[in-house]
1. If the only charges are +1 at each Lys and Arg Cβ and -1 at each Asp and Glu Cβ, what is the size of the charge dipole of the chain around the Cα centre, to the nearest 20 debye?
2. Select from the range 147-235 those GluC sites (Glu not before Pro) which occupy a DSSP coil region and have at most 16 other Cβ atoms within 10 Å, ordered by residue number.
3. Apply 1/(1 + (r/R0)^6) to the Cβ-Cβ distance of Lys439 and Arg168, taking R0 = 22 Å, and write down the FRET efficiency to the nearest 0.05.
4. Need the list of lysines near Lys856 for cross-linking: C-alpha distance under 26 angstrom, and skip anything on the same chain fewer than eight residues off.
5. Seen from all sides and averaged, what is the projected area of the convex hull of the Cα atoms in the range 159-280, in nm²?
6. Please name whichever of His50, Val779, Ser543 sits farthest to the positive end of the charge dipole of the chain, dipole taken about the Cα centre and charges placed at Cβ: Lys and Arg +1, Asp and Glu -1.
7. Using a ≥ b ≥ c from the Cα gyration tensor of the range 679-836 (square roots of the eigenvalues), is it rounded, prolate or oblate, where a/c under 1.5 gives rounded and otherwise the larger of a/b and b/c decides, a/b for prolate?
8. Summarise the long-distance tail of P(r) for the range 783-837 by giving the % of C-alpha pairs beyond 14 Å.
Amino acid sequence: MDIPSKYEPQSVENQWYDYWMENKYFHSVPDDREPYTIVIPPPNVTGVLHMGHMLNNTLQDILIRRARLQGKNACWVPGMDHASIATEAKVVAKLKEEGIDKATISREDFLEHAWDWTHKYGGVILEQLKKLGCSCDWDRTKFTMDDDMSASVIKVFVDLYKKGLIYRGYRMVNWDPLAKTTLSDEEVIYEEQQGKLYYLAYPVEGSEERVIIATTRPETILGDTAICVNPEDTRYSHLKGNNAIVPLCDRPIPIIEDNYVDMEFGTGCLKVTPAHDENDKMLGEKYDLETIDIFNDDATLNSNGLHYKGKDRFVVRKEIVKELHEKGFLIKTEDYTNKVGTSERTKVVIEPRLSEQWFLKMEDLVKPAMKAVMETQEVKFYPKKFENTYKHWMQNIRDWNISRQLWWGQRIPAYYYGDGSSDLVVAESPEAALELARKQSGNPALSMEDLRQEEDVLDTWFSSWLWPISVFGGILEPDNKEVQYYYPTSDLVTAPDIIFFWVSRMIIAGYEFRGEKPFNNVYFTGLVRDKQRRKMSKSLGNSPDALKLIENYGADGVRVGLMLSSAAGNDLLFDESLCQQGKNFANKIWNAFRLVKSWEISDTEQPTASAMGIAWYQSRFNAALALIEDHFSKYRISDALMVIYKLIWDDFCSWLLEIVKPPYQQPIDATTYKAVISLFEANLKILHPFMPFLSEAIWQHMEKRCPEEALIISSWPQEGPVGNDLIEGFRIAREVISGIRTIRKEKNIPMKEPLDLFVLDAEKAGESWDTVIRKLTNVSAITAVQQKVDGALSFRVKSNEYFIPITGHVDISEEINKLQEELNYTKGFLASVEKKLSNERFVNNAPEQVVALEKKKAADAQAKIQTLEKSLAGLE
């Protein structure tokens, strides 16, 4: 088989990915092997590959490929999330471009458009993951809106409703006015924003007095239904029982007292707007206050907003402040920084809004999940620090708002059969609902036309919390052989920002619906940041095009670049030059392979140097393998790669191949060649999870192999004995070789000129390493001596001193003059530094680090003087 002179990632990657797919190496079915299962964190169907996906899926592929090599039945389930809010927004935008308003078409028509969009644009990211080399079982690809996945969601809803865990409640919710839907608490991002604090005067009814309140939202005064003060606040005790007049709308509202009010904040007077603030709502319920909602669902003002009706809330804020100022109600304005809730999806400021929604009671559901992580450690987190984040959220959990005012998603299976909202049944199908409704109403004449299904859909996370179970059919068929075999899954690789949305809820669902954990381990990746530690984003322009990176550096180069990125806490500082380093590594290995395959083979006897080199590398490999296993056990995947990188680049390419390389135009002995190929193959096996394309390409070029012999399904190396004496012996030999090479380089002595080497104090690397030293340095002989050798340059390795006579190789007198000149300069430099350090004023007044730097200069100069004097003594 011809070996191309250059490694060309594009052609290689397409060739071998197609080969893997054709031979179904990624496909898994239950058998007698130990299963190793990963379910992909399903990307949004709207998504395209970004750096976070690249990192997350590279890590998953590394784990799955290693498990496959270990002989496990590796199953990596891919799929996509229907992403209710994001997808509906995309479809609405597309319809708008076509001149269609969502409000003018039916639900069925809209869903038809949504499915068309999903089939046309959805799933792009899965095709992109193939470019990265991801070895998912594509035959198992799932979508959270697949019929069986949706049926699982509906079944779970009905089950939880029957258990009394799902209920409808009129609550203050987080309202996204752009998406026009509620959000769970976890979907709200709180950001510090610079705003204003407005001091407004409310006249006291029947007097000349005014009470001053401070608010960040003056537009909401039109929904005020009380003023509240602290009963301990003597400034306002005389106002008890009075009314205040709301500016602009002239509505009288009661002045009430409650300890909730902070006397130190603002003026100590609080405007109460029950329709638009969670805490105000509680006061409203406590004192039976009127609730006046001033907003439409898009955050424009409704008729309660008077002459501001139809205007956006932020437009109204500016205009109402101007009107309040003109009419004498605005007393003053101050700059004020506060935390504002924004939608995680649409980024708009959310509105607290009273709404009837569906909720899931969480208090009892979380208990087994809490115990699994914090007590029994059935589910382990890596890094462990995220346990505290998990614990804090679980201890402070609130009921989950699971309904969304959207059309794209699983429609809530609640059916109304009467005029009141309490006349409802919950069932898995309209037919079952009708039967229930007839029983519940006592009206056997009810027909399908009398049923009206709930308009809301379920939160997207209500489908994805079932993901590890539902992808194996474990909700609809709890005892099927697939879920029995693959569940619990092995590892989950995900980002910590969805620990609440997804990780915790999957653990909750696992114990609720299967009575066991959904996975053994959770490995939390960090955020991918740029070199300046900034989060990557389109707005900053610092997020590289993932596919462009693959095009420029090859998938293996990008995978290595990501894994080599330096850690910043748990985050990664991505530097594109590391992808170039990954590409260089691929070229280094490819060239090493081409070198080995270029050698002619003979039946000659194996040289001692080659035998020693092979024995040493086998021990180095075994030592590295033990370290790699330890890193994998602790999910230190980047550290594992670094061990492999150094082993192959330094020990294999730079040392072993030099040791065994035959003389120019001479053949290599068959014993050595066979051993080198075997070690090369072992290297490829540990490299494969990280660089699958390169490793498979070289493996297939080594010899003609049938599909059953592909690298992807070969075997992970077994740990073997480590010869520490061999490793230490070569470490000393390597230092000797480096010392000789340094002298050759500094004195311009060509490699073709043989040198003599004398060693004083003969604790050498061992006689057997002499042949390696001689071969790699062109030393004709290594002789032990009892005293220093005159006319020679020297270097030390451990307690040994080595001498290389340079008579005949360099001009001795010229070398002495050069050394003497350098010695004189160094002594002069030392004198100037010591003079500065003897100056008490300098030492006492200069910064500590400056003084320390001067002391280091002095110490370095003294060490250099000693070396130069010793070199001169050897030559004179």
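The values are calculated or read from the model by the stated rules, or taken from the named source; none is laboratory data. The model shown is predicted, which means the values in this text are computed figures rather than measured ones. Positions of Cβ are backbone-derived with ideal geometry, glycine not excepted, and every protein chain shown enters the neighbour counts. Calculation scope for accessible area: heavy atoms of the full protein, side chains included, ligands and nucleic acids excluded. Shrake-Rupley method; radii C 1.70, N 1.55, O 1.52, S 1.80 Å.
1. Details: 105 positive and 132 negative charges, 467 e Å.
Here the size comes out at about 2240 debye.
2. Qualifying residues, ordered by number: Glu205, Glu208, Glu209, Glu232.
3. That pair, Lys439 with Arg168, gives E of 0.60.
4. Reachable lysines: Lys798, Lys818, Lys827, Lys835, Lys836, Lys864, Lys870.
5. 10.8 nm²
6. The residue sitting most towards the positive pole is Val779.
7. prolate
8. Pairs farther apart than 14 Å: 68 percent.
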